[in-house]
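Student: Have a look at this one before I ask anything.
The numbers here are math on the coordinates, done by the rules we state, and not lab data. The structure presented is a predicted model; accordingly, all values stated were derived computationally and were not measured. Please note: Cβ atoms are built from the backbone with ideal geometry, for glycine as well, and neighbour counts cover all protein chains shown.
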Amino acid sequence: MTFGFDAVILAGGRASRFGGRDKTALARDGRSLLGIAVDAVAGARAVAVVGHDLDTDDPRVRCTVEEPRWAGPVAALVAGLRALDDAPEAQTVVLAADLPFAVPAVARLLAEAAETAESAEAAESAEAAESAEAAGTDRADEAVAPGAEPARAVVAVDPSGRRQPLLALYPTAALRRAVEAADRAARGAARGPSLHATLAALDVVPVVLPDPLCADVDTPADAARHGVGDPAEPAPPTALAPSTAPAEPDPSAHDQRSLA
């Protein structure tokens, strides 16, 4: 099953653990981390990049910033969703811009989402058929509403069991309601609201991914470990063992920091 989606890429943050450098400009295999994030959502109708001006001729990309600046991931998501509200898709990929292996990670999430949607549609069709049979009609197809708002988020989970809310696919309407309510409640507070707490009430399909696919670049040591380096220099060799290195996409501990 195929479905449409939008994407919000969070590319701001102070990068305090990386000396304040622009981490999104670091590169792996000749591609910047921000470029990798955009590649990961190649199938999106539109892409909002929050907190960074991306020099691109990709007509899908809209750049914006959270208000106030540095207000955290919840405010960034509010800004990103508003940049996409011209004709929003029913689902939105949310992605941090410091994930070296975002392409295979997002591919896994989208595959899981398609499988979940197919299962739900089959269950709805069977239920409609049973209801129609009980009512003595043969119009069960009218009871099914393909394309209805998806009910569940599909969220990456690392092997330790921790959810990765900035590596996920959300029902757009539910995500918007949650982040806008939290953002309004936090206006004037010293800190922005916790993203984990904001999204805790959403119904989630967890997708356990291997450590490399959830890996982000918070520090220079992280960059070296995952083969990420300055684009003007050869990237350092990755420290991942061959057995744990992420494969190409199979066709079939972000929270308050927001890329801090």
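Student: Using θ = phi - 60° and the Karplus form 6.51 cos²θ - 1.76 cosθ + 1.60, what ³J(HN,Hα) does each residue of region 185-198 get, whole Hz, x for Gly and Pro?
Tutor: With the stated coefficients, region 185-198 comes to 5, 9, 4, x, 6, 5, 10, x, x, 5, 5, 4, 5, 4 Hz.
Student: Measuring from label point to label point, each 7 Å out along Cα→Cβ, what is the D29 to D55 span in nm?
Tutor: Label-label distance for D29 and D55, simple model: 2.4 nm.
Student: Something else about it: Determine the gain in length on full extension of the stretch T2-A42; use 0.36 nm per residue of separation and subtract their C-alpha separation, reporting nm with one decimal.
Tutor: Separation in residues times 0.36 nm, less the Cα-Cα distance, equals 13.0 nm.
Student: How large is ³J(HN,Hα) for each residue in region 62-73, as worked out from phi by the Karplus curve 6.51 cos²θ - 1.76 cosθ + 1.60 (θ = phi - 60°), to whole Hz, x for Gly and Pro?
Tutor: Values per residue, Gly and Pro as x: 10, 9, 8, 9, 6, 10, x, 4, 6, 7, x, x Hz.
Student: Quick one: which residues, 5 or more positions from V205 or on another chain, have an amide H under 5 Å from its amide H? H modelled 1.01 Å from N in the peptide plane, none for Pro or chain starts.
Tutor: A153, V154, V155
Student: Related question: Please compute the modelled spin-label separation between D86 and D230, points set 7 Å along Cα→Cβ, answer in nm with one decimal.
Tutor: My value for the distance between the label points is 3.8 nm.
Student: Once phi is turned into ³J(HN,Hα) by the Karplus curve 6.51 cos²θ - 1.76 cosθ + 1.60 with θ = phi - 60°, what whole-Hz value does each residue of region 211-220 show in order, with x for glycine and proline?
Tutor: Per residue, the Karplus-derived 3J(HN,Hα) values read 3, x, 6, 8, 5, 10, 10, 9, 9, x Hz.
Student: Using amide H atoms built in the peptide plane, which far-off residues or other-chain residues are under 5 Å from V61 H to H?
Tutor: For V61, the qualifying residues are V47.
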